[in-house]
Amino acid sequence: MKTLLFLFLLPLGALAQKMTAVEYNDKIIGYQNEIGYKLLAIGEYIGSEEITTEEGANAVRLEALEVTRESIKGLEKMGAFKGDDALRKSALNLFRFYEKIIKDQYAQMIDLIYKEDFSEADSDAISLLVAKITEEEMPLDQKFQTAQIAFAEKNNIELQDNPLQEELDK
(Lines give C-alpha, C1' and ligand atoms only; values in the text may rest on other atoms or scores of the structure.)
Protein backbone atom coordinates (compact mmCIF):
# COMPACT_ATOMS: atom_id res chain seq x y z
CA MET A 1 0.00 0.00 0.00
CA LYS A 2 2.84 2.42 0.84
CA THR A 3 4.45 1.74 -2.53
CA LEU A 4 1.18 2.39 -4.32
CA LEU A 5 0.71 5.68 -2.46
CA PHE A 6 4.28 6.70 -3.30
CA LEU A 7 3.75 5.89 -6.97
CA PHE A 8 0.55 7.91 -6.96
CA LEU A 9 2.23 10.96 -5.37
CA LEU A 10 5.35 10.79 -7.51
CA PRO A 11 3.73 12.39 -10.61
CA LEU A 12 2.54 15.35 -8.52
CA GLY A 13 6.04 16.14 -7.36
CA ALA A 14 7.43 15.50 -10.82
CA LEU A 15 5.03 18.06 -12.27
CA ALA A 16 6.61 20.83 -10.21
CA GLN A 17 10.11 19.66 -11.11
CA LYS A 18 9.44 19.83 -14.87
CA MET A 19 8.67 23.54 -14.60
CA THR A 20 11.29 26.23 -14.44
CA ALA A 21 11.21 28.60 -11.47
CA VAL A 22 9.68 31.29 -13.70
CA GLU A 23 6.98 28.92 -14.95
CA TYR A 24 6.23 27.81 -11.39
CA ASN A 25 5.90 31.40 -10.17
CA ASP A 26 3.88 32.43 -13.23
CA LYS A 27 1.48 29.52 -12.79
CA ILE A 28 0.74 30.61 -9.22
CA ILE A 29 0.36 34.24 -10.32
CA GLY A 30 -1.92 33.07 -13.13
CA TYR A 31 -4.22 31.47 -10.58
CA GLN A 32 -4.08 34.60 -8.45
CA ASN A 33 -4.95 36.77 -11.45
CA GLU A 34 -7.94 34.60 -12.34
CA ILE A 35 -9.28 35.12 -8.83
CA GLY A 36 -8.40 38.82 -8.86
CA TYR A 37 -10.30 39.48 -12.08
CA LYS A 38 -13.34 37.70 -10.69
CA LEU A 39 -13.16 39.78 -7.50
CA LEU A 40 -13.02 42.91 -9.62
CA ALA A 41 -16.02 41.68 -11.61
CA ILE A 42 -18.03 41.30 -8.42
CA GLY A 43 -17.28 44.90 -7.49
CA GLU A 44 -18.01 46.19 -10.98
CA TYR A 45 -21.30 44.40 -11.50
CA ILE A 46 -22.93 44.50 -8.10
CA GLY A 47 -25.26 47.44 -7.96
CA SER A 48 -24.60 48.35 -11.59
CA GLU A 49 -27.19 48.72 -14.31
CA GLU A 50 -25.99 45.42 -15.77
CA ILE A 51 -26.99 43.42 -12.71
CA THR A 52 -30.13 44.64 -11.04
CA THR A 53 -31.14 41.60 -9.00
CA GLU A 54 -29.74 39.74 -6.05
CA GLU A 55 -29.83 36.55 -8.13
CA GLY A 56 -27.66 38.16 -10.81
CA ALA A 57 -25.18 39.42 -8.24
CA ASN A 58 -25.00 36.01 -6.62
CA ALA A 59 -24.39 34.42 -10.02
CA VAL A 60 -21.28 36.60 -10.44
CA ARG A 61 -20.23 35.77 -6.86
CA LEU A 62 -20.69 32.04 -7.40
CA GLU A 63 -18.65 32.20 -10.61
CA ALA A 64 -15.84 33.84 -8.64
CA LEU A 65 -16.16 31.15 -5.98
CA GLU A 66 -15.86 28.39 -8.60
CA VAL A 67 -12.75 29.99 -10.16
CA THR A 68 -11.22 30.32 -6.70
CA ARG A 69 -11.91 26.68 -5.88
CA GLU A 70 -10.42 25.57 -9.20
CA SER A 71 -7.33 27.67 -8.50
CA ILE A 72 -6.98 26.04 -5.09
CA LYS A 73 -7.22 22.58 -6.70
CA GLY A 74 -4.58 23.56 -9.24
CA LEU A 75 -2.23 24.74 -6.50
CA GLU A 76 -2.78 21.59 -4.49
CA LYS A 77 -1.72 19.52 -7.51
CA MET A 78 1.45 21.53 -8.13
CA GLY A 79 3.58 20.37 -5.24
CA ALA A 80 6.76 22.00 -4.02
CA PHE A 81 9.41 23.40 -6.33
CA LYS A 82 12.70 21.58 -5.70
CA GLY A 83 11.65 21.00 -2.10
CA ASP A 84 10.60 24.63 -1.56
CA ASP A 85 6.91 24.86 -0.74
CA ALA A 86 6.70 28.29 0.94
CA LEU A 87 5.36 30.16 -2.09
CA ARG A 88 2.71 27.57 -2.89
CA LYS A 89 1.60 27.26 0.74
CA SER A 90 1.33 31.02 1.19
CA ALA A 91 -0.71 31.22 -2.02
CA LEU A 92 -2.97 28.42 -0.77
CA ASN A 93 -3.58 30.30 2.49
CA LEU A 94 -4.42 33.47 0.56
CA PHE A 95 -6.67 31.67 -1.92
CA ARG A 96 -8.52 29.85 0.86
CA PHE A 97 -9.11 33.23 2.47
CA TYR A 98 -10.56 34.47 -0.84
CA GLU A 99 -12.77 31.39 -0.97
CA LYS A 100 -14.07 32.12 2.53
CA ILE A 101 -14.84 35.79 1.91
CA ILE A 102 -16.50 35.13 -1.45
CA LYS A 103 -18.63 32.43 0.16
CA ASP A 104 -19.51 34.34 3.34
CA GLN A 105 -18.83 38.08 3.47
CA TYR A 106 -19.61 38.79 -0.19
CA ALA A 107 -22.90 36.92 0.20
CA GLN A 108 -23.70 39.07 3.24
CA MET A 109 -22.86 42.23 1.30
CA ILE A 110 -25.09 41.20 -1.59
CA ASP A 111 -27.96 40.52 0.81
CA LEU A 112 -27.53 44.01 2.24
CA ILE A 113 -27.09 45.81 -1.09
CA TYR A 114 -30.20 44.34 -2.65
CA LYS A 115 -32.49 44.87 0.34
CA GLU A 116 -35.65 46.77 -0.52
CA ASP A 117 -35.23 49.10 2.42
CA PHE A 118 -31.45 49.68 2.23
CA SER A 119 -30.48 51.95 5.11
CA GLU A 120 -27.51 53.83 6.47
CA ALA A 121 -27.07 50.99 8.97
CA ASP A 122 -26.77 48.58 6.03
CA SER A 123 -24.18 50.84 4.44
CA ASP A 124 -22.26 50.91 7.73
CA ALA A 125 -22.45 47.11 7.96
CA ILE A 126 -20.98 46.81 4.45
CA SER A 127 -18.19 49.22 5.38
CA LEU A 128 -17.40 47.10 8.45
CA LEU A 129 -17.30 43.93 6.34
CA VAL A 130 -14.94 45.57 3.85
CA ALA A 131 -12.69 46.83 6.66
CA LYS A 132 -12.60 43.37 8.25
CA ILE A 133 -11.75 41.73 4.91
CA THR A 134 -8.96 44.23 4.31
CA GLU A 135 -7.56 43.73 7.80
CA GLU A 136 -7.58 39.93 7.51
CA GLU A 137 -6.18 39.91 3.98
CA MET A 138 -3.20 42.16 4.72
CA PRO A 139 -1.02 39.67 6.65
CA LEU A 140 -1.86 36.84 4.23
CA ASP A 141 -0.98 38.99 1.24
CA GLN A 142 2.22 40.15 2.94
CA LYS A 143 3.26 36.55 3.63
CA PHE A 144 2.58 35.69 0.00
CA GLN A 145 4.64 38.65 -1.25
CA THR A 146 7.48 37.79 1.14
CA ALA A 147 7.44 34.15 -0.02
CA GLN A 148 7.42 35.24 -3.65
CA ILE A 149 10.40 37.57 -3.16
CA ALA A 150 12.31 34.83 -1.33
CA PHE A 151 11.45 32.35 -4.10
CA ALA A 152 12.62 34.80 -6.76
CA GLU A 153 15.89 35.50 -4.95
CA LYS A 154 16.56 31.81 -4.32
CA ASN A 155 15.92 30.93 -7.97
CA ASN A 156 17.54 34.03 -9.46
CA ILE A 157 14.43 35.32 -11.23
CA GLU A 158 13.32 38.89 -11.68
CA LEU A 159 9.81 39.77 -10.56
CA GLN A 160 7.74 42.23 -12.56
CA ASP A 161 4.86 44.44 -11.49
CA ASN A 162 1.47 42.86 -11.98
CA PRO A 163 -0.91 45.25 -13.80
CA LEU A 164 -3.85 43.69 -11.96
CA GLN A 165 -2.46 44.91 -8.63
CA GLU A 166 -3.15 48.56 -9.51
CA GLU A 167 -6.77 47.74 -10.29
CA LEU A 168 -7.17 45.79 -7.05
CA ASP A 169 -5.60 48.59 -5.00
CA LYS A 170 -8.21 51.13 -6.18
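The values are calculated or read from the model by the stated rules, or taken from the named source; none is laboratory data. Because the structure is a prediction, the values reported are computed rather than measured. All Cβ positions, glycine included, derive from the backbone under ideal geometry; neighbour counts span all protein chains shown.
Met78 versus (1) modelled with pLDDT of 95 or more; (2) touching a helix residue (DSSP H, G or I) at 6+ places or on another chain (Cβ under 8 Å): which is the lone unmet condition?
Of the numbered conditions (1) modelled with pLDDT of 95 or more; (2) touching a helix residue (DSSP H, G or I) at 6+ places or on another chain (Cβ under 8 Å), the odd one out for Met78 is (1).
Can you say whether Tyr37 is under 30 Å from Leu159 (Cβ atoms), in a helix (DSSP H, G or I), in contact with a Phe, Trp or Tyr (Cβ under 9 Å, 6 or more places away or on another chain) and modelled with pLDDT of 90 or more, as far as the supplied structure shows?
no
Kindly indicate which of Glu70, Glu44 is assigned to a helix (DSSP H, G or I) and at pLDDT below 95. Even if it seems obvious, please write down each step before you answer.
Details: Glu70 fails: at pLDDT below 95.
Result of the check over Glu70, Glu44: Glu44.
What number of residues within segment 85-141 are of a type in the set (Phe, Trp, Tyr) and surrounded by fewer than 15 Cβ atoms within 10 Å (Cβ to Cβ)?
Filtering segment 85-141 for residues of a type in the set (Phe, Trp, Tyr) gives 95, 97-98, 106, 114, 118.
Subset that is surrounded by fewer than 15 Cβ atoms within 10 Å (Cβ to Cβ): 118.
Looking only at that region, the number is 1.
Mind listing whichever residues of segment 48-67 are at pLDDT below 95 and among the β-branched types (Val, Ile, Thr)?
Across segment 48-67, the qualifying residues are Ile51, Thr52, Thr53, Val60.
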